[in-house]
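Student: Below you will find the structure I want to go over with you.
Bear in mind these aren't lab numbers, they're just calculated from the coordinates by the rules spelled out. Predicted model, so just to flag it, every value in this text is computed and none were measured. Counting neighbours? That spans all protein chains shown, and the Cβs are built from the backbone with ideal geometry, glycine included.
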Amino acid sequence: MYKLIKTNGSARLGSFTTAHGEVQTPGFMNVATCGAIKGALSALDLKELRCQVQLCNTYHLHLRPGDENIKKLGGLHKFTRWAGPILTDSGGFQVFSLAKLRNITEEGVTFSSHIDGHRIFMGPEESMTIQSNLGSDIAMAFDECIENPAEYNYTKNSCDRTYRWLVRCKKKMAELNSREDTINKQQQLFGINQGSTYEDIRIEHMKAISELDLDGYAIGGLAVGESAEEMYRIIEAVEPYAPKNKVRYLMGVGTPVNILEAVRRGVDLFDCVMPSRNARHAHLFTWSGRMNMFNEKYALDDSPVDSQCDCPLCKNFSRAYLRHLFKSGEMLAMRLAVIHNIYFYNTLMIKIREALKNDEFDKFYNEYVEIIGRRI
């Protein structure tokens, strides 16, 4: 259940309740693809890094260790030792981005595993069953994530099919939540708005899925090749048609600047692999801009990565030490850098919420939108 607390223009301060706790919004969901943050972090680390939601990947966990095995082990919360809310994606994005030799029909998609090539079928019912086995708090509807740019008629037909799949997802989830052996009988369903960069298709699709009265609504199929300006244009076009009393989730986004811009346009939830992926390649986000820790100028720099940050890296280690770890190929370099970036993202969301609470979001936006996006 979503509660809207107040607005600053289109920006929204709210909270969202799940079976495993309340999420303060705007919020960032930390991506633990296979049940762990890449960079040698566990759920126990996440608790110390201001994380609210762990996001796990349906496609990957279905392939290994297998969703039925995770159910036998008590579900993702028990398996990963994460006590807070968990969102699982539907597997749709991975089916269309990783799988080879896929075949789309009205029933679903047949595709080859990217691991060993064996053939798999996944449709709305299969995706819902897998996510029910995982026991997540939020299950994403099975959809087709098409490439940008996409041909208009194909996009329209794809969105129509995605709507029909969503109806089937809702029906299947109701059945699964009523079963005695279901791990999380309060699992919630989010629908996904698609339509490439066509405003009319996006709007019609959002209108249609809004009538299904789901627990939340996502905007999918963005940040996959189109410009940031196009992404913002689509958000602005769709936002008026997204239910005001439901949480809004922009999938796979993005940079700190992307987040600021999307919050300004009415988005509540975000997820992205960027903080961990960039960190593993020595690119760190700070309150002064982006840093590349391989830079020679940090070789003798005894100062913390970010003097305004109180994460475990910045409180204990220097820029010179972190650079040395990266240059030496030490695993600790990635771990410390990922810790910092995740802490930075979650702290950014806290500061955004504080600004909204104090009616100072525009001031915060104007102060940081240029700074946090620049290279140092």
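Student: How would you rank LEU356, LEU250, LEU63, going from fewest to most other Cβ atoms within 10 Å of each one's own Cβ?
Tutor: Taking fewest neighbouring Cβ atoms as first place, the list is LEU63, LEU356, LEU250.
Student: Which of LYS244/LYS351; LYS156/LYS357; LYS38/LYS171; LYS3/LYS363; LYS172/LYS246 have a Cα-Cα distance over 31 Å? Could the numbers behind the result be given before it?
Tutor: Working: LYS244/LYS351 23 Å; LYS156/LYS357 40 Å; LYS38/LYS171 34 Å; LYS3/LYS363 24 Å; LYS172/LYS246 21 Å.
Pairs exceeding 31 Å: LYS156/LYS357; LYS38/LYS171.
Student: Compute the whole-percent fraction of alpha carbon pairs in region 135-222 spaced more than 16 Å apart. Mind dumping the intermediate values first?
Tutor: Numbers: 1966 of 3828 pairs.
When every Cα pair of region 135-222 is considered, 51 percent fall beyond 16 Å.
Student: What is the fewest-to-most order of PHE344, PHE79 by other Cβ atoms lying within 10 Å of their Cβ? If you can, show how the numbers build up before the last one.
Tutor: Working: PHE344 26, PHE79 20.
Lowest count first: PHE79, PHE344.
Student: Please list, ordered by chain and number, the residues whose modelled amide H lies under 5 Å from the amide H of VAL109; skip anything fewer than 5 residues away on the same chain.
Tutor: MET122, GLY123
Student: While we're on this one: Taking 2.2 N^0.38 Å as the expected size of a compact globular protein, what ratio does the Cα radius of gyration of region 282-368 give against it, to two decimals?
Tutor: On the way: Rg = 14.4 Å, N = 87, 2.2 N^0.38 = 12.0 Å.
Here the Cα radius of gyration is 1.20 times the empirical estimate.
Student: To continue, here is another question. Return the ratio Rg/(2.2 N^0.38 Å) for the chain, where Rg is computed over Cα atoms only.
Tutor: On the way: Rg = 20.4 Å, N = 376, 2.2 N^0.38 = 20.9 Å.
Normalised Rg, Cα atoms only: 0.98.
Student: Taking the beta-carbon count within 10 Å as an exposure proxy, list ARG233, ARG202 from fewest neighbours to most.
Tutor: Details: ARG233 16, ARG202 25.
Sorted ascending by nearby Cβ count, the order is ARG233, ARG202.
Student: Return the single residue from GLY329, GLY289, GLY191 with maximal mean-square fluctuation; model: Gaussian network over the chain, springs between Cα atoms under 10 Å.
Tutor: It is GLY329.
Student: Let me ask something else. Can you list the residues, at least 5 places off or on another chain, whose amide H is less than 5 Å from the amide H of THR286, using H built in the peptide plane?
Tutor: MET291
Student: Next question, about the same structure. Please sort through the DSSP H helices of the chain and keep those with an alpha-carbon extent of at least 27 Å along the long axis and a Kyte-Doolittle average not below -0.5. Please list the in-between numbers first.
Tutor: Values: long enough: 152-177 (37 Å, -1.27); 331-357 (39 Å, 0.65).
Passing helices, by number: 331-357.
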